[in-house]
1. Obtain the nm distance between the two label points defined at L3 and R66 by a simple spin-label model: each point lies 7 Å from its Cα along the Cα-to-C-beta direction.
2. Given contacts defined as C-alpha pairs under 8 Å and at least six residues apart, what's the relative contact order of the chain, whole-number percent?
3. Once the convex hull of the C-alpha atoms of the chain is built, how many Å³ does it hold per residue, rounded to a whole number?
4. Relative to the longest principal axis of the C-alpha atoms of the chain, give the angle of the C-alpha long axis of helix 45-73, reported between 0 and 90° and rounded to the nearest 10°.
5. Magnitude of the Cβ-charge dipole of the chain, K/R +1 and D/E -1, about the Cα centre, nearest 20 debye?
6. Report the one residue of L17, S64, L3 whose Cα lies farthest in the direction of the positive end of the charge dipole of the chain (charges on C-beta: Lys and Arg +1, Asp and Glu -1; origin at the Cα centre).
7. What distance in nm separates the two pseudo spin-label positions at E58 and S16, each 7 Å out from Cα along the beta-carbon direction?
Amino acid sequence: MYLSPDPQAHHPTYFSLMRDMLQAAPSSWPFIEGINNQHPQWRGLPRAEEAKKLIAHEDKLLQSARNLQQAKSA
């Protein structure tokens, strides 16, 4: 979407996915907000840096879920 010449064409899909993600992981909001708050003309790197923060957060959530699952199995 952020690399598209017409990003608004992708907004319905993007916002639908973000709603789903926030329902599953509300703690992701600050990271998504950071991505969304980038200036519309800033393409690529600034948004990619914000996205890396979201990916790191998701990794922590997944690791926590794995740890809980392992604890329940033990």
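Taken together, the values in this text are just the output of simple stated rules run on the coordinates, not laboratory data. Here the structure is a predicted model, which means the values were calculated and not measured. Positions of Cβ are backbone-derived with ideal geometry, glycine not excepted, and every protein chain shown enters the neighbour counts.
1. With each label placed 7 Å out from Cα toward Cβ, I get 2.8 nm.
2. The value is 26 percent.
3. 88 Å³
4. Value to nearest ten degrees: 20.
5. In total the dipole reaches around 240 debye.
6. S64
7. If labels sit at E58 and S16, their model points lie 1.8 nm apart.
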